[in-house]
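Read through the structure below, which is laid out as structure tokens, and then see the notes.
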Amino acid sequence: MSTAISVSVRGLAAAAAAALCLASPVLTAERVDVYLSLEEAPKVMFPEADRIERKDIPSDEALRARMKQRIGRLKPSILEPFYISFTAYKQEQVIGYAVVCEEIGKHRPITFIVATTPDLVVKDVSVMMYREPIGGEVRHQAFLKQFARKNLEDPIAARRDIKNISGATLSVRAMSRGVRKALAFLEETYGKPAGETASASRAEATEVLP
Amino acid sequence: MRVKLPTARGVWLLTALAVLRLGGATQTDTGASTSAAKPSVETAVAAIDQQIEDLRAKLAEVHQQIEDLAALRTAAFAEPVTEPARARATQAPAAQSRVRPANAPSAAAGGLYDSLAEKDPRPTSTALRPGSGLFGDTIKVGGYGSFRFEANNIDLGPQVGDLPRLKRGFNSFDFRRFVVTLDAAPTDRLRFYAEVEMERLNAIEIERNAIPENRGRIGRNRAGVRFIQEVEGSSGGELAVEQAWAQFDFNDKIGARMGVVLPPVGRFNLLHEDDYWDLPRRPLAARGGPALPVKSAWRELGAGVVGNIPWGQGFFDYQAYVVNGVQLDFAMEEVVSLREGRNLLELEPELSFSSGAFNGTNTANAFTWRTAFRPRLGHEFAFSGYHGEYTPDYLLQDGWVNTLAFDGKTTLGNFEIEGEYIFTNFGAMRDVLIDMGRQMVDAVAKTTSAETATLETELEGEFKGPFTNRRNGFWVDFKYRLRPKWLRDGFLGRGFGDPELIPIVRLERVKFADFLTGFDFKGGQITRLDTEDLAQVRMSVGLAYRPTPSVVFSAAWEHNRRTSGSHLIFPRPVGTDPLPDRSFDSFIIGTAFGF
């Protein structure tokens with residue numbers, strides 16, 4: 001009997017190996033990631049747009065200081081040297097803004113894009129690149145949809161208004177920090193704070209694309 | 001008056017004079033205008049040269065700016081949004097999958113802004129890019145550790161003659177562990193992860209020497225050489241490889257993992273990092289009186305598959321491995337005594353269950369698995385198990401261990417409930433012990449069972465770690481996350497983004513059925529097999545303070561009580577009998593950190 005059981009364990013392993021081989025055309029396909037390139041990201045965020053304008057806005061000390069003030073206590077782990085931002089148009093009306101940001105999960109940066117409505121309320125968030133060995137669940141819509149309709153008046157913090165994922169706490173926190181940072185940047189850049197000119201008008205490079 | 005016309009000679013002379021005069025005047029004028037004209041030409045030339053240099057400089061500047069812009073620019077938005085791309089964006093995550101584009105940034109080469117900034121000649125502060133370590137972004141070094149202080153009221157040992165009563169509980173600091181982790185990702189489909197643990201380890205010193213002895217001494221013992229081999233270290237100290245695996249991802253739903261892995265049985269064995277937990281001691285079912293075959297962190301050498309699949313609003317996680325498996329380990333002390341009329345062979349094996357061999361010396365006979373389902377964020381439940389042969393190959397009797405576990409976690413606002421239940425069945429333990437006894441006696445006597453039957457043998461087993469037919473246990477944590485304003489604004493929270501106070505209550509219980517306390521083996525048969533059922537419950541009430549998610553300071557009061565059997569399951573002091581105390585209390589303060 002023990003031999004039979006031993007055989008069954010080996011048989012199970014063999015069956016698993018056979019199943020893997022049969023499924024190899026799917027399994028051995030090149031890794032298919034749920035991530036977006038810079039080219040695709042704004043299009044995915046604004047599929048209804050007929051024109052998307054990109055602006056790379058340098059991040060100087062003044063901008064960072066203002067962003068930190070808007071962000072509050074949850075300081076970001078990365079302050080980018082410049083920000084790749086987008087303005088989406090439909091029939092020449094602004095339908096939203098987006099910015100690409102990064103935040104450190106446990107050790108490595110998570111690259112993501114945050115899209116907002118013209119009123120700078122989160123419309124969508126998408127992870128463009130995830131590099132950590134664990135915690136990749138933050139890439140999925142079931143988690144990301146929590147950020148919809150958030151603005152900086154909301155906490156946007158793990159275990160507050162953003163539900164945590166066990167085993168991915170640091171990634172959840174990173175995404176939460178990152179969305180707050182993105183909103184702070186967009187408010188500073190595309191919002192019109194009293195007495196201040198929006199940074200977008202001082203952007204070095206502007207690409208207007210049909 | 002008559003004017004005399006000049007002669008031809010005179011005309012020539014006059015002409016020459018006029019030419020000379022004119023030439024001189026001209027020369028004078030040119031010099032003045034040449035000396036007046038000379039400076040303007042040179043100045044003009046110099047000015048032109050300067051302008052040329054200025055233009056060259058400006059041209060170089062423009063070239064540089066063009067290069068800067070080219071470096072910042074990515075592929076132009078040459079194509080309008082296509083229907084397939086739009087469909088991918090709005091469908092479920094699985095449908096968003098696509099083949100990686102050629103121009104996509106490498107996962108292993110730092111962040112997107114890093115790769116763009118590398119081409120940007122503008123100086124960027126490295127302080128803006130945390131995570132760029134000594135070995136670059138491909139390899140990350142991390143770790144965790146924990147310490148605690150415990151005071152308890154465990155009674156002193158019994159009075160034995162006039163000897164002082166033995167202390168069995170100590171008010172003492174405990175260096176629980178320090179673990180170094182290494183995480184390498186050479187590409188986005190390959191990963192390597194390792195953990196090396198130092199548990200209660202102060203130092204390991206090895207002395208190996210051969211020294212002359214008594215040389216040149218008259219009247220002493222004969223001269224010779226003394227061989228010394230000593231290993232010294234702190235008692236209970238351990239240096240171990242907890243994990244060391246490599247993973248190849250077929251896609252984002254399945255990957256193959258091979259190496260030293262954690263059997264995914266229950267919840268705690270997978271999430272054993274000390275900085276995750278809000279109490280300064282591990283649960284009984286995982287560690288103190290383990291319901292698992294081997295106490296956490298239990299690791300085995302093997303290979304399998306891991307994956308995570310989006311499912312509805314949640315996820316489905318799975319792991320499955322074939323591993324070398326838990327082994328019945330023993331060390332033996334032999335005593336051969338020849339007494340008048342009696343030849344006696346005494347053996348004292350020390351038996352324990354341990355992780356399988358790492359040196360390829362035992363057959364891979366075990367399978368372990370886990371399936372976890374998260375129907376919605378904040379809620380998770382999982383089933384897991386283990387099935388493997390634990391008896392060594394040299395035993396005729398096969399013994400199999402089966403473990404089943406159920407664990408879960410649910411979050412309701414700031415309130416969390418988390419726990420697990422584990423059941424382990426070793427089965428056929430009596431038969432295994434009989435077979436082991438026979439094999440030991442035969443091996444020591446270097447003869448067959450038929451002959452040793454006439455040799456009086458005594459085999460008194462001692463057990464390092466629980467030896468039970470069946471074990472089961474559970475723990476459940478109830479906790480609430482507080483973020484009061486006074487914490488954020490006070491000295492405890494100043495400088496921290498989101499400090500938390502977490503009151504927590506843990507209830508736990510372990511039960512050992514047929515716990516083997518000792519056996520005698522005589523004449524090829526077990527003549528005594530002492531077993532009893534043991535059970536212990538523990539209630540812990542604690543408070544944890546987390547300035548950051550990876551650092552915790554905690555304090556807890558524990559009440560341990562024996563509900564069945566003659567002694568407590570935990571603790572098991574070294575060198576003494578098991579504690580017969582009915583109950584004891586502990587107060588523990590501890591800290592754990594991760595990085």
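Assorted remarks:
- Residue in region B:402-424 that is among the polar types (S, T, N, Q) and modelled with pLDDT under 85 present: no
- Residues in region A:140-154 that are modelled with pLDDT under 90 and open to solvent by 10 Å² or more (accessible area, probe 1.4 Å): 2 in all.
- Residue in region B:273-298 that is surrounded by the fewest Cβ atoms within 10 Å (Cβ to Cβ), counting only those that are under 23 Å from residue A:169 (Cβ atoms) and of a type in the set (Lys, Arg): B:287
- Among residues of region B:392-406, those that are facing chain A (nearest Cβ under 9 Å) and either under 18 Å from residue B:298 (Cα atoms) or surrounded by fewer than 19 Cβ atoms within 10 Å (Cβ to Cβ) (or both), counted: 2
- In region B:363-390, residue nearest to the other protein chains (Cβ to nearest Cβ) [restricted to those that are open to solvent by 10 Å² or more (accessible area, probe 1.4 Å) and hydroxyl-bearing (Ser, Thr, Tyr)]: B:363
- Within region A:97-110, residues that are facing another protein chain (nearest Cβ under 7 Å) reach partners that are open to solvent by 10 Å² or more (accessible area, probe 1.4 Å) and of a type in the set (S, T, N, Q) with beta carbons closer than 8 Å, at six or more positions or on different chains, in the pairs A:104/A:77.
- Residue selected from region B:420-431 under the condition out of contact with any Pro (no Cβ under 9 Å at 6 or more places or on another chain) and open to solvent by less than 60 Å² (accessible area, probe 1.4 Å), by the criterion nearest to the other protein chains (Cβ to nearest Cβ): B:428
- Residues that are out of contact with any strand residue (DSSP E or B) (no Cβ under 8 Å at 6 or more places or on another chain) and away from every other protein chain (no Cβ under 14 Å), drawn from region B:525-562: B:525
- Residue in region B:341-350 that is of a type outside the set (S, T, N, Q), modelled with pLDDT of 80 or more and touching a strand residue (DSSP E or B) at 6+ places or on another chain (Cβ under 6 Å) present: no
- Test: residue in region B:414-437 that is in contact with a helix residue (DSSP H, G or I) (Cβ under 9 Å, 6 or more places away or on another chain), under 26 Å from residue B:282 (Cα atoms) and part of a loop (DSSP other than H, G, I, E, B): yes
- Annotation for region B:455-465: no member residue is touching a Phe, Trp or Tyr at 6+ places or on another chain (Cβ under 8 Å), open to solvent by less than 30 Å² (accessible area, probe 1.4 Å) and at pLDDT 95 or above.
- Residues that are at the interface with another protein chain (Cβ under 7 Å from one of its Cβ atoms), part of a loop (DSSP other than H, G, I, E, B) and in contact with a strand residue (DSSP E or B) (Cβ under 7 Å, 6 or more places away or on another chain) within region A:140-163 comprise A:140, A:163, listed in sequence order.
- Region A:125-138, subset facing chain B (nearest Cβ under 7 Å) and open to solvent by 10 Å² or more (accessible area, probe 1.4 Å), residue modelled with the highest pLDDT: A:137
- Residues being surrounded by fewer than 20 Cβ atoms within 10 Å (Cβ to Cβ) and farther than 17 Å from residue B:503 by Cβ - total across region B:536-548: 2
- Residue B:474 being more than 16 Å from residue B:286 (Cα to Cα) and touching a residue at least 24 places away in the same chain (Cβ under 8 Å): no
- Given (1) more than 12 Å from every other protein chain (Cβ to nearest Cβ); (2) modelled with pLDDT of 95 or more, number of the condition residue A:119 does not satisfy: (2)
- The set of residues in region B:181-206 that are open to solvent by less than 30 Å² (accessible area, probe 1.4 Å) and within 11 Å of chain A (Cβ to nearest Cβ) comprises B:181, B:183, B:184, B:185, B:188, B:191.
- The strands (runs of 3 or more DSSP E) found wholly in region A:69-116 and carrying at least 1 residues that are among the acidic types (Asp, Glu) and either touching a helix residue (DSSP H, G or I) at 6+ places or on another chain (Cβ under 7 Å) or closer than 20 Å to residue A:189 by Cα (or both) occupy A:93-104.
- Some residue of region B:121-142 being open to solvent by less than 30 Å² (accessible area, probe 1.4 Å) and modelled with pLDDT of 75 or more: yes
- Of all positions in region A:46-55, none carries a residue that is at pLDDT below 90, part of a strand (DSSP E or B) and at the interface with another protein chain (Cβ under 8 Å from one of its Cβ atoms).
The values are calculated or read from the model by the stated rules, or taken from the named source; none is laboratory data. Remember, predicted model here, so these are calculated numbers, not experimental data. All Cβ positions, even for glycine, are placed from backbone atoms using ideal geometry, and neighbour counts span all protein chains on display. Protein only, heavy atoms only, side chains kept; ligands, DNA and RNA dropped before computing areas. Shrake-Rupley method; radii C 1.70, N 1.55, O 1.52, S 1.80 Å.
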